[in-house]
């Protein structure tokens, strides 16, 4: 199983509970993002890469976080996609019959330490294994197989470079934006904003629309940037594409045309 979260309030505690219950119920191996962080697309990617049974994503998507915010759980199946209704309905029906549950309350893991951690559990025939992985690397490798990084890098750094502005809204996508756009593709560091995941998303609503993505919208209105994007809390791409198209503007240009080609390739 793969486990990740968007970093919102209660995610770390919930991740520990998932680990404790997985161990007690015979799950042999968990793959978890460092510090509990994994975007929804990254969870899907890892599920398919390692042929996992599924994945648990601790998120309430674009809803606000913090002690007074919202919390949720998503389940992705073995093909990496969201659980279909038939699976969700079955889970719900089973949940109504639960009278007791198994848990290893004393089991503790270090979410910050990359690598494998093994635990010998009473009445179990093999060790319970937890692997803490870099939240970006596997997904980045997938992106390299899909997009022409050299071409995009030349667009962002070459003559007549396209200036971009990407707002991670203090959600899970911050580390991805930094590593992919800035480290790999050479975009200036100030191209990416609000890239530190916070439990309350900096007190903001992590929904990239006209109401809540005002920082990015104001930056785009200034005319300095030819391309803008924002991500919701767990990095669900449909929100991204909506805002990308919205912010490209109405004036046709070579840069906009090239970006459109990358978007829909």
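The values are calculated or read from the model by the stated rules, or taken from the named source; none is laboratory data. Note that this is a predicted model, so its numbers are computed, not measured. Cβ sites come from the backbone with ideal geometry, for glycine too, and all protein chains shown count toward neighbours.
Details
- Note on the stretch 1-90: enclosed strands (runs of 3 or more DSSP E) holding 1 or more residues that are closer than 27 Å to residue 126 by Cβ and free of Cβ contacts under 8 Å to residues at least 24 places away in the same chain are 73-76.
- Evaluation of residue 123 against (1) under 26 Å from the mean Cα position of the chain (by Cα); (2) in a loop (DSSP other than H, G, I, E, B); (3) surrounded by fewer than 15 Cβ atoms within 10 Å (Cβ to Cβ) (one fails), failing number: (1)
- Residue 116 being in a strand (DSSP E or B) and either surrounded by fewer than 15 Cβ atoms within 10 Å (Cβ to Cβ) or in contact (Cβ under 8 Å) with a residue 60 or more places away in the chain (or both): yes
- Selection count, the stretch 188-208, where residues are part of a loop (DSSP other than H, G, I, E, B) and under 18 Å from the mean Cα position of the chain (by Cα): 12
- Conditions (1) more than 18 Å from residue 12 (Cβ to Cβ); (2) under 22 Å from the mean Cα position of the chain (by Cα); (3) in a strand (DSSP E or B): number failed by residue 139: (3)
- Selected residue [assigned by TED's automatic domain parsing to the domain that holds residue 18 and more than 23 Å from residue 236 (Cβ to Cβ)] from 60, 102, 78: 102
- Residue 159 vs. criteria at pLDDT 95 or above, out of contact with any helix residue (DSSP H, G or I) (no Cβ under 9 Å at 6 or more places or on another chain) and farther than 19 Å from residue 18 by Cα: no
- Candidate set from the stretch 142-176 (those that are over 24 Å from the mean Cα position of the chain (by Cα) and assigned to a loop (DSSP other than H, G, I, E, B)); member that is surrounded by the most Cβ atoms within 10 Å (Cβ to Cβ): 162
- Number of residues in the stretch 220-239 that are surrounded by fewer than 17 Cβ atoms within 10 Å (Cβ to Cβ) and touching a residue at least 24 places away in the same chain (Cβ under 8 Å) equals 2.
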